[in-house]
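Here the structure is laid out as structure tokens; the discussion comes afterwards.
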Amino acid sequence: MASTRRRNSTSDPSLKWASLAWDDLETWAGGRSVARGRTYQRQGRVKNLAASKDGRLLATVIGGSRYAVSVWMTDDKDNPIESKCTCPVGYDGCKHAVAVVADYLDQLGRNEDVPVAQEDDPRWDKLSGDDRDGEFDDDEVDEETLDATPAGDKRGRQTRDDWDEKIKRHIFAKSREDLADLVWSLTQRFVELRDEFRERIALGEGDVDRLIAQARKELHRITSQEAWRNNWTGEGNIPDYGKLLHRLERLVELGHADAVARLGAEIIERGMEQVGRSHDEGDTAMELARCLPVIFEAVARSSLTPAQKLLVAIDARLADGYDVIGDAADVVLDGKYEPSDWSAVADDLTRRLSSAAGKRHESDDDDEGDDSGDDYSRDYQRDQISGWLSDALVKAGRGDEVLAVYEKEARATGSYERLVKFLIERKRYDDAARWATEGIAKTAGKLPGIASNLADQLCELARTREQWDLVAAHAAYHFFERPSREGFGQLLAAADRAGRKGPVRRLARHFLETGISPVQAVASKGEAKIQISRDWPLPMPEHLVPLLRSEYQIRQTPAPHFDVLIDMAIADKRPDDVLRWYDKMCAERKPSPYGNAWNGPGAHADRVAEAIAKSHPERSLEVYRQRVEQNLTRASVGAYETVASYLRKMRPIMTSIDRVQEWKQLVADIQVRYRNRPRLMEILERLERKPILAMRKARR
């Protein structure tokens with residue numbers, strides 16, 4: 001306890017607390033913790049606050065659980081405040097510690113007496129330990145007393161290890177007859193112990209079928225439960241797979257791997273269904289996952305053929321839509337197998353693909369024109385099967401068959417990316433380009449993400465083949481579709497390699513200033529056609545045309561990209577241009593009443609004000625003032641914090657032009673206008689760098 005209650009040098013510890021300013025708390029705990037801690041204090045979550053004679057604060061804070069908290073001040077200038085809490089954060093700067101400090105200062109401000117913390121307060125003991133259970137009861141007697149025990153504590157509480165040793169000596173000291181009587185009485189009192197003996201006896205008598213039936217019954221009982229958890233209240237029902245796991249382990253230990261392997265398929269199927277309908281944060285999945293290592297270990301030990309073992313593991317992975325299997329199946333998949341085993345697996349997966357193709361054809365005939373999500377699910381499942389098939393073919397020594405699989409599946413499911421990557425890795429560049437071009441044409445309409453990725457693959461292929469004009473054409477496509485400062489730089493770098501930097505730069509700047517692209521899709525007789533400026537120096541690859549046509553549908557009236565021009569001017573440190581483009585943006589776009597419309601003036605005001613603060617301080621202050629007024633119209637803590645942040649940014653600018661008094665007057669005016677908003681008043685007080693206690697007394 002000496003380490004958790006050291007004394008300060010001052011004779012009146014409350015004087016140190018009285019000198020604290022909001023800046024001190026924010027430096028110690030951070031603005032977020034200070035804000036949340038103040039919320040806790042205002043909600044009355046700080047209970048039984050007391051202060052030791054040396055100024056150490058002790059309290060209980062009600063959060064998700066009940067936490068013991070202690071905070072104290074030190075003579076260390078770098079770390080003037082320290083704390084300890086039984087919450088997961090544990091040490092300096094948690095919101096619970098901030099709440100305690102705020103409550104203490106609040107009581108001092110009201111001239112209320114703070115009780116003296118007693119030496120035998122059980123919260124000191126809780127804080128002296130290393131456990132982070134969080135919850136505690138003031139009246140509880142812990143089984144474990146951890147390292148730090150107060151000096152002079154004579155209660156003689158003992159650790160868990162001490163009790164384990166005592167219990168062990170007690171048991172071994174008993175005679176055989178006394179021990180038998182004890183065990184028998186315990187089996188009558190504790191159902192779990194009685195079930196343990198029943199299982200041992202049944203296995204000893206060879207009654208495996210009975211245990212399998214019990215395990216299946218337990219499985220049905222568990223998976224019929226509704227799994228849920230309310231994270232606000234902590235209530236819920238999470239199925240416990242522990243008893244089922246115990247039975248599976250026992251069966252495997254005694255050589256009944258085949259029985260567990262058969263039951264395992266049912267466990268995975270029913271368990272996955274339960275995970276799918278559960279309403280928790282993965283708790284049910286974690287419970288199911290506890291059983292998986294035992295199941296796959298049983299599969300590995302079973303009498304199944306090697307190919308059957310592999311298919312069990314592959315099927316489990318295919319059925320896993322929730323990433324539950326993880327590496328549990330590796331004990332089977334990483335085993336030693338002959339090429340003939342993998343060949344048998346490949347043949348089985350090939351038959352499945354053929355069957356899936358037939359079923360899809362029948363479905364397409366029945367539901368012609370139906371673009372439901374079922375097609376996506378079927379295609380995804382086929383892609384997974386074909387992926388395992390390709391692996392099996394390679395391990396079977398039949399790698400020359402993989403290309404045919406990829407080609408067939410590309411047209412069946414749109415999985416062109418895999419095929420193109422496969423061809424590029426084998427340096428079959430012309431074939432890769434041909435398939436990528438076909439893939440873009442087939443997927444640009446319904447699967448634009450795949451089409452875009454294929455275009456990126458073609459760009460990398462052009463880079464590999466040093467076709468710099470094509471690389472620049474791709475950079476231009478991306479820039480004109482989604483203009484940005486980074487995209488502008490990438491376009492110029494690519495155009496430079498292609499020897500076209502000058503004209504590309506001129507036309508790209510013109511596009512940013514007017515919104516008119518030198519390469520765009522335009523309407524012509526009810527369809528989109530590609531229009532290219534005569535001055536555009538780069539080629540238009542055939543494979544990019546479908547992408548431009550597909551994006552024509554979402555084009556809007558051309559407009560300047562002032563946001564990109566502002567970004568570029570800020571990066572180049574050209575404050576005059578920053579202000580020029582910002583003024584144009586404000587003139588052409590109506591500001592949002594909330595001052596922060598997406599990609600409008602409000603979205604860039606902060607960065608603009610910061611960029612022009614030294615060169616145009618008056619304009620910078622004007623922008624900040626507008627932002628202050630916009631946020632003052634919103635009665636929320638978030639808006640108040642934003643107001644304070646802008647006022648902080650304005651202070652050094654006003655100081656640099658000898659207008660400090662004006663800044664103070666601005667803050668004072670806001671305090672008068674909005675004096676009925678106590679939360680805002682409290683946040684503004686932090687700006688003045690005065691002791692918290694002094695400001696509270698002055699306000700009262």
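The values are calculated or read from the model by the stated rules, or taken from the named source; none is laboratory data. On a predicted model such as this, the values are computed, not experimentally measured, just so you know. Glycine also receives a Cβ, built like all others from the backbone with ideal geometry; neighbour counts cover every protein chain displayed.
Looking at the stretch 44-98, what strands (runs of 3 or more DSSP E) fall wholly within it and have at least 3 residues that are of a type in the set (S, T, N, Q) and surrounded by fewer than 23 Cβ atoms within 10 Å (Cβ to Cβ)?
Details: elements: 46-51, 57-62, 66-73, 81-85.
Ranges flagged: none.
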>> Tell me the residue from Arg317, Arg301 that is under 28 Å from Ala404 (Cα atoms) and of a type in the set (Lys, Arg), please.
In response: Arg317
> In the stretch 120-155, what residues are modelled with pLDDT of 80 or more and either hydroxyl-bearing (Ser, Thr, Tyr) or loosely packed, with under 14 Cβ neighbours inside 10 Å (or both)?
Replying inline: Asp120
> Mind checking which residues of the stretch 404-431 are under 22 Å from Arg382 (Cβ atoms), of a type in the set (A, V, I, L, M, F, W, C) and at pLDDT 95 or above?
Replying inline: Ala404, Val405, Ala410, Leu419, Val420, Phe422, Leu423
> List, please: which pairs have Cβ atoms under 7 Å, are six or more places apart or on different chains, and start with a residue in the stretch 570-584 that is not assigned by TED's automatic domain parsing to the domain that holds Ser484 and end with one that is aromatic (Phe, Trp, Tyr) and part of a helix (DSSP H, G or I)?
Replying inline: Trp581/Phe562; Lys584/Phe562
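Test Lys395 against the stated conditions and say whether it is among the charged types (D, E, K, R) and at pLDDT 90 or above. Walk me through how you get there before you give the answer.
Numbers: among the charged types (D, E, K, R): yes; at pLDDT 90 or above: yes.
Spelling it out, Lys395 is indeed among the charged types (D, E, K, R) and at pLDDT 90 or above.
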>> Checking the conditions here, which among Ile267, Ile295 is under 24 Å from Gly236 (Cα atoms) and at pLDDT 95 or above?
In response: Ile267
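Considering each of Glu249, Glu235, Glu192, Glu205 in turn, give the residue that is modelled with pLDDT of 80 or more, more than 22 Å from Ala319 (Cα to Cα) and exposed (fewer than 11 other Cβ atoms within 10 Å of the Cβ). Walk me through how you get there before you give the answer.
Working: Glu249 fails: exposed (fewer than 11 other Cβ atoms within 10 Å of the Cβ); Glu192 fails: modelled with pLDDT of 80 or more; Glu205 fails: modelled with pLDDT of 80 or more.
Glu235 is the lone residue from the list that is modelled with pLDDT of 80 or more, more than 22 Å from Ala319 (Cα to Cα) and exposed (fewer than 11 other Cβ atoms within 10 Å of the Cβ).
Quick one: would you say Gly37 is farther than 17 Å from Tyr104 by Cα, in the same structural domain as Val101 (by TED's automatic domain parsing) and within 32 Å of the chain's Cα centre (by Cα)? Please lay out each step first, then the result.
Numbers: farther than 17 Å from Tyr104 by Cα: no; in the same structural domain as Val101 (by TED's automatic domain parsing): yes; within 32 Å of the chain's Cα centre (by Cα): yes.
So Gly37 does not fit the description; no.
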